[in-house]
Amino acid sequence: EIAKIKYLNNVLKTKNNIVFVIRGNHDDPKYFNGNYDNKFIKLVSDYTVLQFNNLWNILCVGGATSIDRTNRKSYVFNKGRDWWKDELFVYNEDKIDELQYKIDFVITHTSPHFAYPYVKKGLDYWINRDVHLNLDLTKERENVTKLYERLLKNNHNIINWYYGHFHNSHKFQYDNTNFTCLDINEILEIKIG
């Protein structure tokens, strides 16, 4: 993994681009503590605020539950490195309340409960194999909703919220926030400034 990061860092160097990466559900959380950054690749810790052009403040919070974790857990038991018990989204109210900048954009891996997808369509197979999965998925999305609500309570004006995780592309507006779900390998250019 480190070799791939170094290779990508060198490619980005030739283009003078920097990539900021949040944790997904298949990413080892230990890499997102600032110790593995390169000049052109930044593995962003949860609750990091990125600032651009003194105009926009972007809150980044990664993590999510792997629906296929029962398969991945057995793979880990067999010396694989494909699942981490601390891969989950973590709601941290103290970190939200300590934010020193007004947040304009939010980037998470998963989404609030009111966001697309609205139902757990196609998850029956995994829910039947994992007795805690349905409740864990519900709690996780409720926790992301708490993040949204706490930010609003603290007077943050969230213009855009971006997330992935669901392997689909979808845009919608909720209250005054534009939500965008990005598909696998989907690229969205955001012009800032």
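No value in this document is a laboratory result; all are computed from the given coordinates. Please read these numbers as outputs of a predicted model, since none were measured by experiment. Cβ coordinates were reconstructed from backbone atoms using ideal geometry, including for glycine residues, and neighbour counts include every protein chain displayed.
What is the dipole size for the chain, taken about its Cα centre, with +1 at each Lys and Arg Cβ and -1 at each Asp and Glu Cβ, in debye to the nearest 20?
Working: 26 positive and 24 negative charges, 108 e Å.
Taking the Cα centre of the chain as origin, the dipole is about 520 debye.
About its Cα centre, what dipole magnitude does segment 1-78 give when the only charges are +1 on Lys and Arg Cβ and -1 on Asp and Glu Cβ, stated in debye to the nearest 20? Don't skip to the end; give the middle numbers.
On the way: 11 positive and 6 negative charges, 45 e Å.
The calculation lands at about 220 debye.
Using the structure shown, list the pairs from Lys30/Lys95; Lys30/Lys139; Lys30/Lys153; Lys4/Lys85; Lys121/Lys171 with a Cα-Cα distance above 29 Å, or answer none. Could the numbers behind the result be given before it?
Numbers: Lys30/Lys95 19 Å; Lys30/Lys139 23 Å; Lys30/Lys153 31 Å; Lys4/Lys85 24 Å; Lys121/Lys171 18 Å.
Beyond 29 Å: Lys30/Lys153.
Which of the listed residues, Phe52, Phe105, Thr138, is farthest toward the dipole's positive end in segment 18-166, when Lys, Arg count +1 and Asp, Glu count -1 at the beta-carbon?
Thr138
By a straight-distance test (C-alpha under 15 Å), which aspartates and glutamates pair with Lys13 as possible cross-link partners, with residues fewer than eight away in the same chain excluded?
Hits, sequence-local ones excluded: Asp37.
Between segment 99-173 and segment 24-46, what is the separation of their alpha carbon centroids in Å?
Segment 99-173 and segment 24-46 have Cα centres spaced 21 Å from each other.
Find me the longest stretch of the chain that has none of the exposed chymotrypsin sites (Phe, Trp or Tyr not before Pro), where exposed means in a DSSP loop (not H, G, I, E or B) with at most 13 other Cβ atoms within 10 Å. Show your work: numbers first, answer last.
Working: sites that count: Tyr101, Tyr118.
It runs 1-100.
In whole Å, what three semi-axes, largest first, describe the equivalent ellipsoid of segment 6-77 built from its Cα gyration tensor (square root of 5 times each eigenvalue)? Spell out each step's value before the answer.
Working: eigenvalues 145, 58, 18 Å².
Three semi-axes, in Å: 27, 17, 9.
In square nanometres and to one decimal, what's the mean projected area of the convex hull around the Cα atoms of segment 18-165? Kindly include the intermediate steps, with their values, before the conclusion.
Values: hull surface 39.1 nm².
In nm², the orientation-averaged hull projection of segment 18-165 is 9.8.
Place a +1 charge on the Cβ of each Lys and Arg in segment 103-174 and a -1 charge on the Cβ of each Asp and Glu, then give the dipole magnitude about the Cα centre in debye, rounded to the nearest 20.
Working: 9 positive and 7 negative charges, 20 e Å.
Dipole about the Cα centre, nearest 20: 100 debye.
Would you compute, from DSSP H runs of 4+ residues alone, the mean residue ellipticity of the chain at 222 nm, taking -39500 (n - 2.57) per run and dividing by the full residue count, rounded to the nearest 500? The partial results should precede the final answer.
Values: 5 runs with 55 residues, N = 193.
The per-residue figure over the chain is -8500 deg cm²/dmol.
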